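What follows is one structure encoded as structure tokens, with my remarks underneath.
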Amino acid sequence: MAFEKDGYVLHTREVQLKGGRNQKIYYFCKAGNKPKSGKPCDMPDGYTTGVNKRTKLPYPRKPLRGNLNHFIIQNSRNLISV
């Protein structure tokens, strides 16, 4: 069964990047509409959903990678390590 959120269904398809590498992308399509390409799918492991504050549209969020303690935050004047 495909993943649904707020009347939108999660879809996936393979795209070829400019460098020739293939990558799987995930996107939401309104329930009842059929996209030109792609097929409905379940939520991949580790992914979550977010909702755009302005448009109220859902989007899939990739899992965070690495250690969050070493993120670098750019200040207006210099870089600060957290």
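Look at VAL15 and say whether it is modelled with pLDDT of 90 or more, in a strand (DSSP E or B), loosely packed, with under 13 Cβ neighbours inside 10 Å and not polar (S, T, N, Q).
Numbers: modelled with pLDDT of 90 or more: yes; in a strand (DSSP E or B): yes; loosely packed, with under 13 Cβ neighbours inside 10 Å: yes; not polar (S, T, N, Q): yes.
Spelling it out, VAL15 is indeed modelled with pLDDT of 90 or more, in a strand (DSSP E or B), loosely packed, with under 13 Cβ neighbours inside 10 Å and not polar (S, T, N, Q).
What are the residues in the range 30-55 that are touching a residue at least 12 places away in the same chain (Cβ under 8 Å), outside any loop (DSSP other than H, G, I, E, B) and exposed (fewer than 15 other Cβ atoms within 10 Å of the Cβ), if any?
LYS30, LYS39, THR48, VAL51, listed by residue number.
Inside the range 1-41, can you point out the residues that are in contact with a Cys (Cβ under 9 Å, 6 or more places away or on another chain) and either farther than 21 Å from THR55 by Cβ or hydroxyl-bearing (Ser, Thr, Tyr) (or both)? Outline the logic, then answer.
Kept after step one, since they are in contact with a Cys (Cβ under 9 Å, 6 or more places away or on another chain), are these residues of the range 1-41: 2-3, 8-12, 26, 35, 38, 40.
If the condition is that a residue be in contact with a Cys (Cβ under 9 Å, 6 or more places away or on another chain) and either farther than 21 Å from THR55 by Cβ or hydroxyl-bearing (Ser, Thr, Tyr) (or both), then ALA2, TYR8, THR12, TYR26, PRO40 are the ones that fit.
What number of residues within the range 1-29 are among the hydrophobic types (A, V, I, L, M, F, W, C), touching a residue at least 40 places away in the same chain (Cβ under 8 Å) and under 20 Å from PRO63 (Cα atoms)?
So the first thing to find is which residues in the range 1-29 are among the hydrophobic types (A, V, I, L, M, F, W, C), and the list is 1-3, 9-10, 15, 17, 25, 28-29.
Among the residues that remain, those that are also touching a residue at least 40 places away in the same chain (Cβ under 8 Å) are: 1-3, 10.
Now narrow it down to the ones that are under 20 Å from PRO63 (Cα atoms): 2-3, 10.
Of the residues in that region, 3 qualify.
Condition (residue is surrounded by 13 or more Cβ atoms within 10 Å (Cβ to Cβ), among the aliphatic types (A, V, I, L, M) and at pLDDT below 95) applied to the range 56-74: is it met by at least one residue? Explain how you work it out, then say what you get.
In the first step, residues of the range 56-74 are kept if they are surrounded by 13 or more Cβ atoms within 10 Å (Cβ to Cβ); the result is 57-60.
From what is left, the residues that are among the aliphatic types (A, V, I, L, M) are 57.
So of that shortlist, the ones also at pLDDT below 95 come out as 57.
Checked against the condition, which is being surrounded by 13 or more Cβ atoms within 10 Å (Cβ to Cβ), among the aliphatic types (A, V, I, L, M) and at pLDDT below 95, the range 56-74 yields at least one hit.
The values are calculated or read from the model by the stated rules, or taken from the named source; none is laboratory data. Source: prediction; values computed, not measured. Here the Cβ is made from the backbone with ideal geometry for all residues, glycine too, and neighbour counts use every protein chain on show.
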